[in-house]
Amino acid sequence: MRSTGPAGLRIKSPELLVAESGADLEGHGLKRTMGLFQLVCFGVGAIVGTGIFVGLSDSVAEAGPAVAVSYFLAAVTCIFTAFSFAELGGAIPVSGSSYSFAYASLGERTAFLVGWCLLLEYGVSVSAVAVGWSQYLNELLESLTGWHLPDALSAGPGEGGVVNLPAVVVILLAAVLLVRGIRESARATAAMAVLKIGILLLFLAIAFTAFKAGNLTPFAGAGASGITAGASLAFFSFIGFDAITTAGEEVKNPRRNIPIAILICIGVATLLYVAVALGAIGALGADAVADKPAALSLVVNQVTDSTVGGGIIAFGAVVAIASVVLAVMYGQTRILMSMSRDGLIPRVFERVSPKTSTPVANTWIVAAVFAVPAAFSSLDVVVNLTTIGTLAIMVAVNVAVLALRRSAPELKRSFRVPLYPVTPVLGVGFCLYLIWGTGWTTWVQFAVFLVVGTLVYTFYGRSRSRMNSAS
C-alpha cells in the first residue's frame, strides 16, 4: 500500500500509519498500559523542569518583570499548536508524533526533516536538561552538607569545568529505568510529577509572603524587544508537551486521552510558570533573580533567611528535572523507532525486547550519544538551538492540520481544532514570531543543521525507505 500524493511527495496515509503501528509483529509490539492520569503526569513530567527551575533567570535577564508576559506569549504559541497536536494525536495515535503527522500530510522528505529536528527537541534538550540538573544537585548537596562537587566534575569546559559528571549520571539512570518497561517508567514519572508540583506550590506560598508590588516596576523596561527575546527563551520551558503524542501506541483509548492530556498539561504549566515568575520577582526584584543559577532556591533562602527552604526547593528541582530527562528520552526513542520502521534510519532503532516490550538498544544508543554534549556543553549553547528546532516542528504540525483537512476530510477525528483554519494559521504566525526572537546566529546554526539533514535523507534515507518497496 503506497501513497505518493501530489507531485510525488511520497505520502503515507493515516490509515497505513495506524495499521503498521498496530501490527502484532515480533519485535514491534508495544503494550497499552498508560491511562489518562499517567499520561497527564507523563506530560507534566516532560514539561515542568529545567525551563522554570533554571531558565527563569535567563528570561528575566531579557524581559525584566515583564517576563510574565513572555511566559504568557510562549504559552499562547503552545496553545495554538497544542490544538493541532490534539487533533492529529487523536486522529493518528502512533508513536511517531509530529514525524508521523508530517508523513501523512506533507510527504517523506518533510517528515524526515521533522524527525531530524526532533533530535534537537528531544535529544539535544536532554543534554540541556541534564546540565540544569547538575546545577541543582550541587545546590542540594551544599544545603545538606555544606559541600559541593568541584567545578572540574560538575561543569563543562565552557563553564569553567572539565566534565559534567552528574549530567551524564542522570541520563544513564533514566536509560536504566526506561529499558525496564513503560509501566515502571510511568509510575516513576507520575510520582515525580506530583512531587514537583507540590514543591512549586510551596515556593509560591513562601515567595508571596515577601511580595512587593514595587519590585515589578518598571514592568517592561526592556520594551517589546525584551519581551520577545524573553518569550523565545521562556518557550524552552514548554518544550515537551508534544511528547504526549509519542506515547500513542502505549496509551489506553488514545483517541480520547491524548487530546485531553495535551490541553490539561499546557494549562497547568502556564498557570505555574506565570505565578512562579511573578512570585520570584515580586519577592526579590528582577535584578536579584536575573542570570542567577538555581534562582528559586536563592529566592527561598533570602525570604526565609535560611538554607533549609532552599534545600527543599533544590530537592524538588533535582526530582523535577530528572523526570524531564526520563520523559524526553522516552519521546526520542519512540520517534527513532518510527523512523526506523520506515527504513529512514538503521533498523537497530526499531527492535523491541520481547521481555520488557521496550526498545533497549535504541535507548542505550540515545543515552550514549546525548551524554556527550551533556558532559561538555553549557546550558546556553543548546537552549536556543533546541528552541528554534521545536518551533520549526510546530510550524510543520500546524501546516499538517491544514493539509490533512484537505487531503483526508473523512478521517476520524476525536478532537477538532476550534475556529479552523484561523487557529493553525495563528499557530504558524506565533511560531515564526518566536523564531525571529532567537537571533541570526541561531538561524545560521539551524540552517546548517537542516542542510545536513537534507543530505542525510538524500544519500541514505530515500534509497532505503520502505516506500520504495511498497505496493
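Laboratory data are not the source of any read-out in this text; all were calculated from the coordinates shown. Given the structure is predicted, the values throughout are model-derived calculations rather than measurements.
Here are a few things to note about the model shown:
- Ordered from longest to shortest, the equivalent ellipsoid semi-axes for the stretch 346-442 are 32, 26, 9 Å, each the square root of 5 times a Cα gyration tensor eigenvalue.
- Working note: Cα gyration tensor of the chain, eigenvalues times five, square-rooted, sorted largest first, giving semi-axes of 36, 24, 20 Å.
- Descending semi-axes in whole angstrom, ellipsoid equivalent of the stretch 154-308, from the Cα gyration tensor: 32, 22, 17
- Non-local Lys pairs in the chain, i.e. 8 or more apart or on different chains, that have alpha carbons under 27 Å apart: 12
- Only Cα pairs under 8 Å and 6+ residues apart enter the sum, and on that basis the relative contact order of the stretch 46-464 stands at 36 percent.
- Alpha carbon centroid spacing (whole Å) that separates the stretch 309-338 from the stretch 46-108: 16 Å
- Taking the longest Cα principal axis of the chain as reference, the axis of helix 360-376 is set at about 40 degrees.
- Extent along the principal axes, Cα only, for the stretch 98-162: 56, 23, 10 Å, with the longest axis given first.
- Residue-wise HN-Hα couplings along the stretch 221-227, as the Karplus relation 6.51 cos²θ - 1.76 cosθ + 1.60 with θ = phi - 60° gives them from phi, are x, 8, x, 5, 5, x, 5 Hz; Gly and Pro carry x.
- Sequence-separation-based contact order of the stretch 25-165, relative, with Cα cut under 8 Å and 6+ spacing, percent: 11 percent
- Within the chain, helix-based [θ] at 222 nm, where runs of 4 or more DSSP H residues each add -39,500 (n - 2.57), nearest 500: -22000 deg cm²/dmol
- Full-extension gain in nm, PHE459 to ASN253, via 0.36 nm per residue minus C-alpha separation: 70.3 nm
- Computed over the stretch 386-471, Cα set: Rg, Dmax in Å: 16.5, 45
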